Structure formats: structure tokens, C-alpha cells
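The values are calculated or read from the model by the stated rules, or taken from the named source; none is laboratory data. As the structure is a prediction and not an experimental result, all values here were calculated from the model. All Cβ positions, glycine included, derive from the backbone under ideal geometry; neighbour counts span all protein chains shown.
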Amino acid sequence: MRLLIAALALLSALLGGCAAVPMASVEADTTAKQFQPRPGMANLYLYRNETFGAAIAMTVSLNGKVMGRTGASTYFLWEVPPGKYEIVSHTENVAKITIEARPNRNHFVWQEVKMGMWTAGSHLVEVGEEQGRKGVLECTRATHGD
């Protein structure tokens, strides 16, 4: 019976609530949603536009450096020089994706929330420009929050 109660409490936390993560300024959010890479640079967007698992903040790293945590309906924008980048979502599982960033382009990665055994897991998917812009526009920009 205790196990059932604990499982129901966990499920409730995964489906409801909201993880608090540091947020960028309204100005930074508005500027990022213009989708204009600086000349010679690339924009990497990672977004999480689902409310499922909202109570769970998910740590994200870029090339081995922790960049912050996502919450429900949040995104990151990283302006990077062209090259290969590994994005990792550290949840119950470790999801990884490698992106070949091209100059003067936007690249979009969707952080999909998955049901885990004990807490939420994730999956990373590179999506096209149209789907990525739509997803980012549904979200608010998060920041590292050092």
C-alpha cells in the first residue's frame, strides 16, 4: 500500500507542479525570438514546450559544460561558432545529440519529456526550422543563473 501511495505521489508530481528555473530578461527572450544569428555564427535552440513532467527541472550541458536547467515551456539559445556540438540532457536517463552548427543558421533541438522508472526521463530530437520556431515561440527563455 505504501508503494502504491508513493507511486501515485510521484505520478502527481510528474503531471503537475512547475519546476522553478532561472529565467532570462523579457528583452533577451524577445531578441532570441527574432531568430537572427549574428553574422558568421549559428544559433542553437533547445526547447521544452511540454507541460508533462513540469515539476522536474532537467539539467542540460553543451560540450560537457552545464548550461542550466529547463522547466516546462522553457528554452535556451546558445550563439556558437560553426562546428560540432554535443547537447546532453541529464535526467533519469542521459540523452545525447550531436549538432553540426552551420554559420548564419538556426538549429533546433526538442527536449521531449519521457516517463521514467523513478522520475522523468528525456529524449533529444533535432527538428526543422518551422517546427522549431513554433516550439520556441510557445516557451520563455531560461538562463544559466550562476
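Brief remarks on what is shown
- Counting only residues that are at pLDDT 95 or above and assigned to a strand (DSSP E or B), the range 86-109 holds 13 of them.
- Residues being of a type in the set (A, V, I, L, M, F, W, C), buried (at least 18 other Cβ atoms within 10 Å of the Cβ) and outside any strand (DSSP E or B) - total across the range 119-138: 2
- Number of the condition not met by Val127 [criteria: (1) modelled with pLDDT of 95 or more; (2) β-branched (Val, Ile, Thr); (3) under 16 Å from Met58 (Cβ atoms)]: (3)
- Whichever residue in the range 57-85 is among the aliphatic types (A, V, I, L, M) and part of a loop (DSSP other than H, G, I, E, B) and, among such residues, is nearest to Tyr45 (Cα to Cα): Ala72
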